[in-house]
Amino acid sequence: MYATFEKYLTAIGGGILLMAMMLLVTADVMGRFFFSKPVQGTTEVTEFMMVALLYLSLAHTQALKGHINVDIFLSYFKKRTRLVLDLVTCLLGLVLFALITWQGILAAIKAWTFWETTFGVLPFPLFPTKVLVPLGSFLLCLRYLFDIKNGLKSLTQKESRLAPP
């Protein structure tokens with residue numbers, strides 16, 4: 001069920017938001033070129049969409065093992081060693097993104113409390129974007145916990161039954 005939720009968030013982030021961003025930027029360029037009237041607030045809205053695009057797809061990318069990996073060194077290690085290194089990497093990622101989640105929640109609360117806005121043509125509130133950072137980071141933490149659980153399960157099995165990394 002969680003993997004399905006990750007896919008939906010990625011579809012929203014990758015599909016719908018990317019399409020909306022593309023249409024907004026195209027309308028801005030066309031308005032500027034043909035009518036000398038750009039769409040007001042395009043830069044701010046595009047920045048918000050980019051944050052959503054990134055943080056809504058982090059967990060699904062981890063589920064697909066799509067994050068950057070240094071395979072040239074890992075290919076020389078045995079499967080068990082690679083699995084241990086993968087567990088260490090997941091643990092470090094969990095700690096880092098747990099801190100990002102915690103600080104992101106504090107930043108979102110501050111943005112809500114003081115009603116922070118952008119310094120653009122139109123003053124957009126920063127709260128919605130600042131909520132996406134801890135949300136996406138928390139979902140990535142859940143994915144790391146799931147990967148750590150599966151990695152420990154694979155590590156306790158016999159060498160011949162280890163799942164490929």
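The values are calculated or read from the model by the stated rules, or taken from the named source; none is laboratory data. It should be emphasised that the depicted structure is a prediction, and the values quoted were computed from it without experimental measurement. We place every Cβ from the backbone using ideal geometry, glycine too, and count neighbours over all the protein chains shown.
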* Between residues in region 25-39 that are within 20 Å of MET49 (Cα to Cα) and residues that are surrounded by 11 or more Cβ atoms within 10 Å (Cβ to Cβ) and of a type in the set (Asp, Glu), which pairs lie under 7 Å by C-beta distance while being six or more apart or on different chains? -> PRO38/ASP28; VAL39/ASP28
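For every residue, the table says whether it meets (1) surrounded by 16 or more Cβ atoms within 10 Å (Cβ to Cβ); (2) of a type outside the set (D, E, K, R); (3) out of contact with any strand residue (DSSP E or B) (no Cβ under 8 Å at 6 or more places or on another chain); (4) more than 30 Å from GLN40 (Cα to Cα).
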| site | (1), (2), (3), (4) |
| --- | --- |
| TRP115 | no, yes, no, no |
| LYS130 | yes, no, yes, no |
| GLY136 | yes, yes, yes, no |
| LYS153 | no, no, yes, yes |
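Per-residue answers, yes or no, for (1) touching a residue at least 60 places away in the same chain (Cβ under 8 Å); (2) of a type in the set (Asp, Glu); (3) farther than 23 Å from LEU139 by Cβ:
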| site | (1), (2), (3) |
| --- | --- |
| VAL70 | no, no, yes |
| SER75 | no, no, yes |
| LYS79 | yes, no, yes |
| LEU99 | no, no, no |
| PHE114 | no, no, yes |
* Structure fact -> Among helices (runs of 4 or more DSSP H) completely within region 17-113, the ones holding 1 or more residues that are surrounded by 13 or more Cβ atoms within 10 Å (Cβ to Cβ) and modelled with pLDDT of 90 or more are 18-35, 42-63
* In region 27-45, the residues that are within 24 Å of the chain's Cα centre (by Cα) and aliphatic (A, V, I, L, M) -> VAL45
